[in-house]
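The values are calculated or read from the model by the stated rules, or taken from the named source; none is laboratory data. Please read all numbers here as calculations on a predicted model, not as lab measurements. A quick note on method: Cβ atoms are made from the backbone with ideal geometry, for glycine too, and the neighbour counts reach across all protein chains shown.
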Protein chains: 2
Amino acid sequence: MKTTITDVAKQAGVSMKTVSRVLNSEPNVAKATRERVLEAAAELQYRPNLAARGLASSRSYLIALLYDNPNPNYIIQIQRGAIEACRRHGYHLLLEPMTREQASGPDVGSLLSRLGVDGVILTPPLSDSIPLRREMEALGLRYVAIAPGDVGTVPTVRMDDVKAATEMVTYLIEQGHRDIGFIIGHPDHIASSKRQDGFEAAMRTAGLTLDESRIIQGDFKFRSGVKAAETLLKDSANRPTAIFASNDDMAAGVVSVAGRLGIDVPSELSVCGFDNTAIAQIIWPKLTTVAQPILQMGRKAAEVLLDRSQNDDPVVHTLDFEILVRESTGKPK
Amino acid sequence: MKTTITDVAKQAGVSMKTVSRVLNSEPNVAKATRERVLEAAAELQYRPNLAARGLASSRSYLIALLYDNPNPNYIIQIQRGAIEACRRHGYHLLLEPMTREQASGPDVGSLLSRLGVDGVILTPPLSDSIPLRREMEALGLRYVAIAPGDVGTVPTVRMDDVKAATEMVTYLIEQGHRDIGFIIGHPDHIASSKRQDGFEAAMRTAGLTLDESRIIQGDFKFRSGVKAAETLLKDSANRPTAIFASNDDMAAGVVSVAGRLGIDVPSELSVCGFDNTAIAQIIWPKLTTVAQPILQMGRKAAEVLLDRSQNDDPVVHTLDFEILVRESTGKPK
DNA sequence: TTGTATGCGTTATCAC
DNA sequence: GTGATAACGCATACAA
């Protein structure tokens, strides 16, 4: 037999309402009573029933994570962060994977309202789905967008790609590099232009010229990194001493070309990436890269939802990234 | 105002019990009535309240996924599979990440019973935690273990590593390879010895001798693949025409060494891995590898939990893997 | 084939 | 500061 709140009340010699008060840390309970109740609850190993609580309070103690993201590591970290925050608030995280099409389709509202969740976290690229956001607003659902393209119209948690790229390039310059190659990401991704902006800003700030032949278009894939590196490194008499790729996959491609050409990394060529994905640590030398605060964004998003004290203004929370200096970068010869 | 089951009943001109019957697809409802109810429900956009339903039926419509796994892709796929099955049954998946220590600790029971979930999925390495399993049994919680080390004492979903390795090597032999190198995985992992067993079985079946110098100990890491390849490939006059690494990271290491040594993959050296992790598709040439039925295992695990028709015998469900032939293997010269 | 009455375990209301 | 009692929305027995 499961112990209920009435069992605890009996054991403590009070009414169930008082027990409820204690367990929800409401005011107006005498200290002695409170302690007696707590003791009784512990003794009986009382666990509140989520369903009953939800029914009575018309809250579900659940928040939903909506995602359609091909990057498992990203999602897993968002989850971890969100779960961490949820646990602190007595909440649980519900997973709702869906395609972009579904998210913009007619059934989302039905799905979401059926869930009866108390809040929703949107992850990219769903963060940018206007139909989805409309639906949420129509349903009166509180939500937070992680890293949306347009900042300012909705409660947001994000990081600053421009600044991160700037700092990475500044680090290379401080190491003594003057001739730095850059590989642009996929042209459809908002992050690509931001990272390029950061690169160019840092170069300009340092008074270095932007040589167009040093800037190659890529598409975030390993092979495009390979191709870009083949171009950048083909002339052994005139090649950059460092290459900054807009993500780790492309940086790994650069490292592999360097290996094939007999160019030592990092003594003859520094290479750095972006995102700190698995490959950055798998290959050797391990990549210097930018670690996004992914877990922290997940945690912050949940906190914004759960801290009822926070209002629902479209506040933008910008979290700090980290530059991870590993074995693939160093001073030029 | 939210529409409840009584609203629907009123609208359809029946009792709430009949509505309940229809919505739970219970028998003994006239077709006409059923349709009338369905119509009314649709019209009113009725969504059953999870909490109320749970409270009344003393089921939570929730199953929990317990995990402590460093591999994001693995967990994400298990999740996807489990969610798929859950959706079909009107269930939802709750995430419970925890460390091995926590899983064996005293608080798990409290955590799990507080949740009131209807079932639990255990993923490796938690599948092997005896204290955890004991706790579940003590609590009367139904559970399924994914890929536990010991098969037979608990409801299990898994795949056959030995068979997969055997088939991979058989494929290489069919391609014409006779001299095949093998890189063993981390000695602490159960999968390592199974994969080695499969390799050796296939070689023996084909009547090929097992040359010990062709079998190198690795540890599942990229670098150990690099080292093993350096050993296997150092003598250009006497080297294997194919190398089978026990996982993709090590296989990627082999490919990178081949590139450095000017050995073309696959025309001069076939390379294959195991697990179909991200790196297998990121690098070039893409790796021939074994795809575990990870998503399917997640789905099956949830199904075993949710199909009440299935009894709780420690049935072992062994799912099919897939050999993915990509660009890193071919016929020897 | 359908309906009525009751209870699930908690929070909310309002009185004391 | 504390308690009785009524919701909350649904499923379950048991009738009819």
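How many of the residues in region A:1-17 are more than 11 Å from DNA strand D (Cβ to nearest atom) and assigned to a helix (DSSP H, G or I)?
Of the residues in that region, 3 qualify.
Would you say B:Glu167 is in a helix (DSSP H, G or I) and without any contact (Cβ under 8 Å) to a residue 60 or more places away in the chain?
no
Per the conditions (1) over 18 Å from the mean Cα position of the chain (by Cα); (2) buried (at least 20 other Cβ atoms within 10 Å of the Cβ), the sole criterion not satisfied by A:Ser236 is (2). Taking A:Ser25 as the residue in question, decide whether it is under 39 Å from the mean Cα position of the chain (by Cα), surrounded by fewer than 17 Cβ atoms within 10 Å (Cβ to Cβ), within 10 Å of DNA strand D (Cβ to nearest atom) and not assigned by TED's automatic domain parsing to the domain that holds A:Lys300. No: the conditions fail for A:Ser25.
Only one of B:Gly81, B:Gly13 is within 16 Å of DNA strand C (Cβ to nearest atom) and small (Gly, Ala, Ser). Can you tell me which? First the steps, then the outcome.
On the way: B:Gly81 fails: within 16 Å of DNA strand C (Cβ to nearest atom).
Answer to the check: B:Gly13.
Checked against (1) of a type in the set (A, V, I, L, M); (2) surrounded by fewer than 19 Cβ atoms within 10 Å (Cβ to Cβ); (3) more than 40 Å from the chain's Cα centre (by Cα), A:Val37 meets all criteria but (2). Could you tell me whether B:Gly140 is out of contact with any Leu (no Cβ under 9 Å at 6 or more places or on another chain) and free of Cβ contacts under 8 Å to residues at least 12 places away in the same chain? It is true that B:Gly140 is out of contact with any Leu (no Cβ under 9 Å at 6 or more places or on another chain) and free of Cβ contacts under 8 Å to residues at least 12 places away in the same chain.
Listed by first and then second residue, the pairs with beta-carbon distance under 6 Å, at least 6 apart or on different chains, first residue in region A:1-21 and over 14 Å from A:Glu43 (Cα atoms), second in a loop (DSSP other than H, G, I, E, B) and more than 8 Å from DNA strand C (Cβ to nearest atom), are A:Arg21/A:Val29.
Here is a check on your reading of the model: is B:Leu50 under 17 Å from A:Ser110 (Cβ atoms) and more than 12 Å from DNA strand D (Cβ to nearest atom)?
Working: under 17 Å from A:Ser110 (Cβ atoms): yes; more than 12 Å from DNA strand D (Cβ to nearest atom): no.
So B:Leu50 fails the test.
When A:Thr166, A:Thr123 are checked against the criterion of being within 14 Å of another protein chain (Cβ to nearest Cβ) and modelled with pLDDT of 90 or more, a single residue qualifies: A:Thr123. Taking region B:227-333 as the region of interest, the helices (runs of 4 or more DSSP H) fully inside it that hold 1 or more residues being farther than 30 Å from B:Cys86 by Cα and in contact with a Pro (Cβ under 9 Å, 6 or more places away or on another chain) are B:248-261.
In region B:239-261, of all residues being away from every other protein chain (no Cβ under 14 Å) and buried (at least 24 other Cβ atoms within 10 Å of the Cβ), the one that is farthest from B:His186 (Cα to Cα) corresponds to B:Ala242. Consider region B:68-79 and keep the residues that are farther than 16 Å from B:Ala291 by Cα and either touching a residue at least 24 places away in the same chain (Cβ under 8 Å) or β-branched (Val, Ile, Thr) (or both). The one that is surrounded by the fewest Cβ atoms within 10 Å (Cβ to Cβ) is B:Asn69. Note on region B:22-41: among residues that are among the small types (Gly, Ala, Ser) and either closer than 22 Å to A:Leu139 by Cα or touching a residue at least 24 places away in the same chain (Cβ under 8 Å) (or both), the one that is farthest from DNA strand C (Cβ to nearest atom) is B:Ala41.
Restricting region A:62-95 to residues that are aromatic (Phe, Trp, Tyr) and more than 9 Å from chain B (Cβ to nearest Cβ), which is farthest from the chain's Cα centre (by Cα)? Even if it seems obvious, please write down each step before you answer.
First pass over region A:62-95, keeping only residues aromatic (Phe, Trp, Tyr): A:67, A:74, A:91.
Pick out the ones that are also more than 9 Å from chain B (Cβ to nearest Cβ) and you get A:67, A:91.
Numbers: A:Tyr67: 12, A:Tyr91: 20 Å.
Selected residue: A:Tyr91.
Reported count of residues in region B:164-180, each being more than 13 Å from B:Leu269 (Cα to Cα) and in contact with a strand residue (DSSP E or B) (Cβ under 7 Å, 6 or more places away or on another chain), is 5.
Being more than 12 Å from chain A (Cβ to nearest Cβ) and within 21 Å of the chain's Cα centre (by Cα) is a condition met by at least one residue of region B:108-119.
Scanning region B:42-76 for residues being more than 21 Å from A:Leu93 (Cα to Cα), more than 14 Å from DNA strand C (Cβ to nearest atom) and small (Gly, Ala, Ser) gives a total of 1.
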